[in-house]
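Asker: Got a structure for you, written out below as structure tokens; questions coming shortly.
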Ligand code: MN
């Protein structure tokens, strides 16, 4: 059943399309919102990872969503190696037009239409009769086909949809011109055997199904998202929708790195191919953590800190004799490298740039100069500089691009004798300001000093500190979460000085608050 697809051409039977929705389903979940620059950085990293389709956002949801999808289509979407750039839309004319407009500039583009098909959703959420739902889907797909030949149709809450009606809707969507049919397990309710049954049914009963790509989209409410994804592949699905680190609504989506490594590691049972460069997986995972401020849990498969750490003596002994004793895949295959002393304080600018290239960064000269200055400073203070240190430092630097508020210097007097006092220098819109403040501890004094220079009403709701590597000279990585009018933002900072890292994180969060984002009603944002 070889499919001729408008964006991919003739597809081999064993080819799996990897559809990434980190920037849409992932980004719309609480705490994971990203600004335009952050989305473009993620889009570039996802492109280098080798995904086939990038769901860049939901253009009608807000002006910010529209602008970011458009910007991705105009930048990443112009690259020779660009994935198909996809925009999500409900069935309304305005939704479809907005999505079409946002993705228009991309070399390869997709419009993704979704509508609920389950009895509960149709009655309570849409207040539509099944007949109307079917017609709305057909009308939207027909309209979308005027703008691109690559149109995906999704049955929201598809796994709780009445089977006969699901078959009718899928058949109608295919007739209207949909080239990918996605059946989401929107609420994370399905078991693997349900997924198998649904896709087997569609393949047996729906005329024309052999001409389209079937797609699976699973939520992890019962921890089954990846298992359901693999069941779908074995039942004939050729597109997998997933996110980096499994982020997404509620318990998240199927994790891209887990699904891809399951296919690769158990290729005996799941004999399919995809275009993911697995050695990039860790880097993209870490980039997402850096941007959003949420680290994955240590025991997270593939990308967690402990995913390849062997603690038990018997295990360590076995691995040293032969890694295959306790390792089903190598840490290197997903991008883990042994801690290595990479550069010292005598390393030059060229060596630094070279190192950045091997770590996957391509940054401009100005950013390179700033990052290099900070690297020299770090090398002076820290005996050994690891890859992780450079990643933390450069991510910290790149995030500050286009920032209105910039850290200049901090002088701190702390200890047990007198109240801590912070002397702060910040640049706001190009002008340097200074302030002095005391507080209940050095962090408090520092944050007060920032507030004096840049008055605001945001509340500090989370402050956390972690170490980038081991040892007392390790860089601190801090996260500051601020809340203002119900809007949450996370800022990160890295430095060998914990207080300086805290100041940088606070300033990063403030800069994010300054990026205006208005969302429409959350009930509409689903699928
Ligand atoms: Mn979803």
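FYI, it's all coordinate maths here, none of it is from the lab. Computed from a prediction, not measured in an experiment: that's the story for all the values here. Glycine gets a Cβ as well: all are built from the backbone with ideal geometry, and neighbour counts include every protein chain shown.
Asker: Starting from the alpha-carbon convex hull of region 157-298, give the projected area averaged over all orientations, in nm².
Answerer: Computing the convex hull of the Cα atoms and averaging its projections yields 9.1 nm².
Asker: Calculate how many DSSP beta bridges within region 3-292 are antiparallel, expressed in % of all such bridges and rounded to the nearest 5.
Answerer: Here the antiparallel bridges make up roughly 10 percent for region 3-292.
Asker: Based on alpha-carbon centroids, what's the gap between region 1-44 and region 189-254 in Å, whole number please?
Answerer: First find each Cα centre; the distance between them is then 15 Å.
Asker: May I pose another question? Indicate, rounded to the nearest 5 percent, the antiparallel portion of the DSSP beta bridges found entirely in the chain.
Answerer: Around 50 percent of the beta bridges assigned by DSSP in the chain are antiparallel ones.
Asker: On a 0 to 90° scale, report how tilted helix 349-358 is relative to the longest principal axis of the chain, with both axes built from alpha carbons and the result rounded to the nearest 10.
Answerer: So the helix axis and the longest Cα principal axis differ by about 30 degrees.
Asker: Let me ask something additional. What ranking, highest mean first, results for peptides 131-144, 227-240 when packing means the other Cβ atoms within 10 Å averaged over each residue?
Answerer: Packing order, densest peptide first, comes out as 227-240, 131-144.
Asker: Need one number: the % of Cα-Cα pairs in the chain sitting beyond the 43 Å mark.
Answerer: Counting every Cα pair in the chain, those more than 43 Å apart make up 22 percent.
Asker: Running Debye on region 405-517 with equal point scatterers at the Cα sites and no solvent, what base-10 log of I(q)/I(0) appears at q = 0.14, 0.15, 0.18, 0.20 Å⁻¹?
Answerer: The calculated log intensity ratios at q = 0.14, 0.15, 0.18, 0.20 Å⁻¹ are -0.54, -0.62, -0.89, -1.08.
Asker: One quarter of the convex hull surface, Cα atoms only: what value does that give for region 349-397 in nm²?
Answerer: 3.0 nm²
Asker: If you wrap a convex hull around the alpha carbons of region 1-110, what volume per residue comes out, as a whole number of Å³?
Answerer: In region 1-110, the Cα hull volume divided by residue count equals 111 Å³.
Asker: Treating the angle as unsigned and between 0 and 90°, give the value, to the nearest 10°, between the Cα long axis of helix 256-265 and the longest Cα principal axis of the chain.
Answerer: Tilt relative to the chain: about 70 degrees.
Asker: For each of 446, 496, 358, 148, count neighbouring Cβ atoms within 10 Å of the residue's Cβ, then give the residues from fewest to most.
Answerer: Neighbour counts put them in this order, fewest first: 358, 496, 148, 446.
Asker: Follow-up. When the C-alpha atoms of region 3-292 are aligned to their principal axes, what extent does each axis show, in angstrom, from largest down?
Answerer: Reported extents, whole Å, longest axis first: 45, 44, 37.
Asker: What's the angle, to the nearest 10 degrees (0 to 90), between helix 93-103's Cα axis and the longest principal axis of the chain?
Answerer: 50 degrees
Asker: Determine, for 5, 112, the number of other Cβ atoms within 10 Å of each Cβ, and report the residues in order from fewest to most.
Answerer: Ordered from fewest to most neighbouring Cβ atoms within 10 Å, 5, 112 come out as 5, 112.
Asker: Still on this structure, please answer the following. What's the percent breakdown of Cα-Cα distances in region 328-466 across 5 Å bins, shortest bin first?
Answerer: Binned Cα distances yield the sequence 2, 8, 14, 15, 16, 15, 13, 9, 5, 2, 1, 0.
Asker: What ranking do 277, 487, 355 get, fewest neighbouring Cβ atoms within 10 angstrom at the top?
Answerer: Taking fewest neighbouring Cβ atoms as first place, the list is 277, 487, 355.
Asker: Something else about it: Rounded to the nearest 500 deg cm²/dmol, what is the calculated helix-only ellipticity per residue at 222 nm for the chain, with -39500 (n - 2.57) per DSSP H run of length n ≥ 4?
Answerer: It lands at -11500 deg cm²/dmol.
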